[in-house]
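K.L.:
Dumping the structure here so I can ask a few things about it.
Computed from the coordinates by the stated procedures, all read-outs in this text should not be read as laboratory data. Keep in mind that this is a model prediction, so the values were computed, not measured. Because the Cβ atoms are built from the backbone with ideal geometry, glycine has one as well, and the counts that use them run over all protein chains shown.
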Amino acid sequence: MRPSGRDLRQMRPISIETGVMRHAEGSCLIRCGETHVLCSASIEDNPPRFLKGTGLGWVTAEYGMLPRATNTRNRREAAQGKQSGRTQEIQRLIGRSLRAGVDRVALGERQITIDCDVIQADGGTRCASITGGWVALRLAVNKLLKAGVLTSDPIVDHVAAVSCGIYAGQPLVDLDYAEDSEAGTDGNFVLTGKGRLIEVQMSAEGATFSRDQMSTLLDLAEAGMAELVAAQKAATA
């Protein structure tokens, strides 16, 4: 039995509320159980310097966690004068995951920045950020299409992510903190709506895992993705 009482294959309740930020070109508040992340998309007409004159656009991301997103207060990284290695790794993951679902030629020479701010954490914050970040990106691109700035849709597929792991010897999908902190094996799966893999992060936290176990976790991730993509479609319809 999972600490939450969920079935081994059961996702946490997912909700995505859009239009939560007045000034952002796209925004949403995604809730995956008790993990809540505010995602916004900001459009800049100029791409990064290294893309000037290439005709290519860019999607990047920034990630942060509010001081009381967890059960104890964490110091703001701005107050410490630098980002942690964990923060840098997560925001790079979000950026490259979302870029995998974008035709950068169709986007043109502009940059869209996705900001993901964790307001409450209970495991799976990077996965929720990717899933919600895609919604914010979709809404921002919709505005460009509606305004006639873009003539073709640069978003080629949905992008979402889910955590899976082995807890007490059992493969689970969508781990919350109680499960994640005690998992023998922990993984994050980033996929497209068509089921193509973008990135897999797997690590043996307390015990090694077999190839068959990894395949089982991928099966769980693919099933969970169907729910995430359905929630994305409902939010952007």
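K.L.:
How do 79-87, 39-47 rank on mean C-beta neighbours within 10 Å, highest first? Kindly include the intermediate steps, with their values, before the conclusion.
P.N.:
Values: 79-87: 10.4, 39-47: 19.0.
Per-residue mean Cβ counts within 10 Å order the peptides as 39-47, 79-87.
K.L.:
On to the next question. Compute the long axis of helix 211-236 from its Cα atoms, compare it with the longest principal axis of the Cα atoms of the chain, and write down the angle in degrees, 0 to 90, nearest 10.
P.N.:
It works out to around 40 degrees.
K.L.:
Need one number: nm distance between label points at ALA234 and MET202, each 7 Å from Cα along Cα→Cβ, rounded to one decimal.
P.N.:
Result for the modelled spin labels: 3.1 nm.
K.L.:
Nearest 10 degrees, 0 to 90: what angle lies between the long axis of helix 85-99 and the longest principal axis of the chain (Cα atoms)?
P.N.:
Tilt of helix 85-99: around 60 degrees.
K.L.:
Quick one: length gained pulling VAL20 to GLU89 fully straight, 0.36 nm per residue minus the C-alpha distance?
P.N.:
In short, 22.2 nm is gained.
K.L.:
Continuing with this model, one more query. On full extension of the chain, what length is gained from LYS82 through SER210, given 0.36 nm per residue of separation minus the C-alpha to C-alpha distance?
P.N.:
42.3 nm
K.L.:
Taking the highest mean first, how do the peptides 121-130, 88-97 order by number of other beta carbon atoms within 10 angstrom per residue?
P.N.:
With the highest mean Cβ count within 10 Å placed first, the list reads 121-130, 88-97.
K.L.:
Express in whole angstrom the spacing between the alpha-carbon centres of segment 88-108 and segment 41-63.
P.N.:
Value for the Cα centre distance between the two parts: 10 Å.
K.L.:
For LEU145 and LYS194, what does the FRET efficiency come to when R0 = 25 Å and r is the distance between their Cβ atoms, rounded to the nearest 0.05? Let's see the in-between values first.
P.N.:
Numbers: r = 21 Å, r/R0 = 0.85.
Given R0 = 25 Å and the Cβ-Cβ separation, E is 0.75.
K.L.:
Same structure again: Which length gain, in nm to one decimal place, applies between ALA178 and ARG49 when the Cα-Cα distance is subtracted from 0.36 nm times their residue separation?
P.N.:
Length difference between fully extended and current span is 42.1 nm.
K.L.:
Whole Å is fine, so just give me how far the alpha carbon centre of segment 177-192 lies from that of segment 113-150.
P.N.:
22
K.L.:
Now for a different question. Which value, in Å³ per residue, describes the convex hull spanned by the Cα atoms of segment 14-236?
P.N.:
130
K.L.:
Taking the chain as the reference, fit the longest principal axis to its C-alpha atoms, fit the long axis of helix 125-146 to the helix C-alpha atoms, and give the angle between the two in degrees, 0 to 90, nearest 10.
P.N.:
Taking the Cα atoms of the chain, the angle to 125-146 is about 20 degrees.
K.L.:
Run the dipole for segment 14-236 about the Cα centre, Lys and Arg Cβ at +1, Asp and Glu Cβ at -1, nothing else charged, and hand back the magnitude in debye, nearest 20.
P.N.:
On the way: 23 positive and 27 negative charges, 189 e Å.
My answer is approximately 900 debye.
K.L.:
What value, in deg cm²/dmol to 500, does the helix sum -39500 (n - 2.57) over DSSP H runs of n ≥ 4 give at 222 nm once divided by the residues of the chain?
P.N.:
Mean residue ellipticity, 222 nm, calculated: -10000 deg cm²/dmol.
K.L.:
Additional query: Of the peptides 105-114, 159-168, 10-19, how do they stack up when ordered by the mean number of other Cβ atoms within 10 Å, highest first?
P.N.:
Top of the packing list down: 159-168, 105-114, 10-19.
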